[in-house]
Amino acid sequence: EGSGCTPRLAATAPPALVWVPAGCRGAQGRFAYKLLHDLFANYSSALRPVEDTDRALNVTLQVTLSQIIDMDERNQVLTSYLWVRQAWLDAHLTWDKDAYDGIDSIRIPSSYVWRPDIILYNNADDHFGGSMETNVVLRSDGHIMWDSPAITKSSCKVDVSYFPFDGQQCRLTFGSWTYNGNQIDLHNRLDTGDLTDFVENVEWEVLGMPATRNVVTYGCCSEPYPDVTYTLLLRRRASFYIFNLLLPCIMVSFLAPLGFYLPADSGEKVSLGVTVLLALTVFQLLVAESMPPSESVPLIGKYYIATMTMITASTALTIFIMNVHHCGPGAWPVPPWARRLILHHMARLCCVYEVGESCKSPRRALGRQEGMGDAGGLGESPREGEADLKAGGCPRDRCLCHHDGLLRNVGYIASCFRRHRATQRRTGEWKKVAKVMDRFFMWVFFLMVFLMSVLVLGKAA
């Protein structure tokens, strides 16, 4: 019993079967075609759509960050995927929706209507491409909403002073290129960028995206030019760089002091220092390749330079200590101050002792027992032996000890043995001086590596 364009259902028909009068089929389509023809019959997309040319056209802007594609620190370029929404009022595209079968909005290509020339001021793309040619939503009251995705490359001032524990602030400035503030008044729709549909980045963490409206007067023109600037607050996820650059450097740095622990006769002390220095050079080159060539040295670069300087100093000290260790028989005796400072105090501090000594009770006077041993052995003078023989009552004509030639030979052998023992004792003292210095500098450089690592991590925190 329906009349007009009201659909009617058969009593026994399934719910999916709806009968529509033939006159009503395609009614919306015909009205939409008629509406499109009537709207754009005398319309031009080249002129600003305002009734009063002296008044500014309000344009609202809203940016949604969808994804951070790449952050090129060396070239200081941020590549991001954005959804840009622009809305304005077109005074020439209004209609009475009742006259067109209740059509309240239509979607038409954006090239049909006038569009504000809102561009990214700090664009760093070679092609300088704009937004995608998507449709606009046109309402009966003349409001137009244009949503368009765009992949933008924007210049971003990168500060790598605290790399890899750094944070960056990248600005995206949008504004009209030709219309000034008296013609287009640009406003941000929200105080922040929309991050609800943001795809998480593996390297960067987004802390926020505040938006601010600025009115700038440039040197070329006297009119004000409004713009909307979105500041993208980024913080680097440092786990990758900690496990691949920082921890290997710390572990390699702790190998450098162990070069002092190697025996001097092994021949590998200098080789270890040079190998560690080359390893740190490779790590430094890896960091330098990804950083911009600026005066700001990254934190990890400073750590590498300090560690390489320390390893260079340790290698130079190792060469000096090896020279002390290999002092030959013609070396001077150890000076008294060195014997007192190094062989007594520093040896006790570094727990360097010989076989039979302990770290808690070293010998008080090095060489005293050796001197006593020499005097009690073959070092006795021939006159003392002759006196003992005389005291024993050995007959002079029957004892071989009274022969002058034999006594001279024994004295010569004893003096050679004493000189050999003195040379060995002097060489041993220099070797112990080198060993004590090795242990002392080993602990000093261990402490330096530990303090540098703590300072780097503390400054990063």
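The values are calculated or read from the model by the stated rules, or taken from the named source; none is laboratory data. Bear in mind the structure is a predicted one, so any value in this text is a computation, not a measurement. All Cβ positions, even for glycine, are placed from backbone atoms using ideal geometry, and neighbour counts span all protein chains on display. The accessibility values were calculated without ligands, DNA or RNA, using every heavy atom of the protein model including side chains. Shrake-Rupley method; radii C 1.70, N 1.55, O 1.52, S 1.80 Å.
Of the listed requirements (1) more than 29 Å from the chain's Cα centre (by Cα); (2) open to solvent by 70 Å² or more (accessible area, probe 1.4 Å), Pro226 misses just one: (2). Taken as a whole, the condition of being over 25 Å from Val334 (Cβ atoms), open to solvent by less than 40 Å² (accessible area, probe 1.4 Å) and at pLDDT below 55 does not apply to Gly411.
Quick grid of which residues meet (1) touching a Lys or Arg at 6+ places or on another chain (Cβ under 7 Å); (2) at pLDDT 70 or above:
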site: Leu349; (1), (2): no, yes
site: Val355; (1), (2): no, no
site: Cys359; (1), (2): no, no
site: Pro362; (1), (2): yes, no
site: Ala365; (1), (2): no, no
site: Gly371; (1), (2): no, no
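When Asp70 is tested against the conditions (1) open to solvent by less than 70 Å² (accessible area, probe 1.4 Å); (2) under 30 Å from Thr196 (Cβ atoms); (3) without any contact (Cβ under 8 Å) to a residue 12 or more places away in the chain, the lone failure is (1). Looking at the stretch 157-203, which of the residues that are hydrophobic (A, V, I, L, M, F, W, C) and over 26 Å from Arg237 (Cβ atoms) is nearest to the chain's Cα centre (by Cα)? The extreme case among them is Phe174. Tell me, yes or no, whether the stretch 210-222 has at least one residue that is in a strand (DSSP E or B), touching a residue at least 60 places away in the same chain (Cβ under 8 Å) and over 30 Å from Leu186 (Cβ atoms). No - not one qualifying residue is present in the stretch 210-222.
Within the stretch 292-308, residues that are open to solvent by 20 Å² or more (accessible area, probe 1.4 Å) sit with their Cβ atoms under 7 Å from residues that are of a type outside the set (D, E, K, R), at 6+ positions apart or across chains, in these pairs: Ser296/Val160; Ser296/Ser161; Ala306/Met452; Met308/Leu277; Met308/Leu280. All of Leu82, Leu78 fail the test of being open to solvent by less than 60 Å² (accessible area, probe 1.4 Å), under 30 Å from Val297 (Cα atoms) and either touching a Ser or Thr at 6+ places or on another chain (Cβ under 9 Å) or at pLDDT below 90 (or both), apart from Leu78.
Could you tell me whether any residue of the stretch 138-156 is of a type in the set (A, V, I, L, M, F, W, C), surrounded by fewer than 18 Cβ atoms within 10 Å (Cβ to Cβ) and more than 42 Å from the chain's Cα centre (by Cα)? Yes, some residue in the stretch 138-156 is of a type in the set (A, V, I, L, M, F, W, C), surrounded by fewer than 18 Cβ atoms within 10 Å (Cβ to Cβ) and more than 42 Å from the chain's Cα centre (by Cα). Taken as a whole, the condition of being open to solvent by 30 Å² or more (accessible area, probe 1.4 Å) and among the hydroxyl-bearing types (Ser, Thr, Tyr) applies to Thr196. Looking across the stretch 286-316, the residues that are farther than 28 Å from Phe446 by Cβ and not in a helix (DSSP H, G or I) come down to Met291, Pro292, Pro293, Ser294, Glu295, Ser296. Report yes if Tyr261 is open to solvent by 70 Å² or more (accessible area, probe 1.4 Å), at pLDDT below 85 and under 30 Å from Met310 (Cα atoms), otherwise no. When the stated conditions are applied, Tyr261 passes them. Residues that are over 12 Å from Phe163 (Cβ atoms) and either in contact with a Pro (Cβ under 6 Å, 6 or more places away or on another chain) or of a type in the set (Gly, Ala, Ser) (or both) within the stretch 286-308 comprise just one, Ala306.
The set of residues in the stretch 40-65 that are touching a Phe, Trp or Tyr at 6+ places or on another chain (Cβ under 7 Å) and either hydroxyl-bearing (Ser, Thr, Tyr) or in a helix (DSSP H, G or I) (or both) comprises Ser45, Thr64. With respect to Asp101, determine if the residue is open to solvent by 50 Å² or more (accessible area, probe 1.4 Å) and not aromatic (Phe, Trp, Tyr). In short, yes. The criterion of being surrounded by 19 or more Cβ atoms within 10 Å (Cβ to Cβ), part of a helix (DSSP H, G or I) and not β-branched (Val, Ile, Thr) holds for Leu280.
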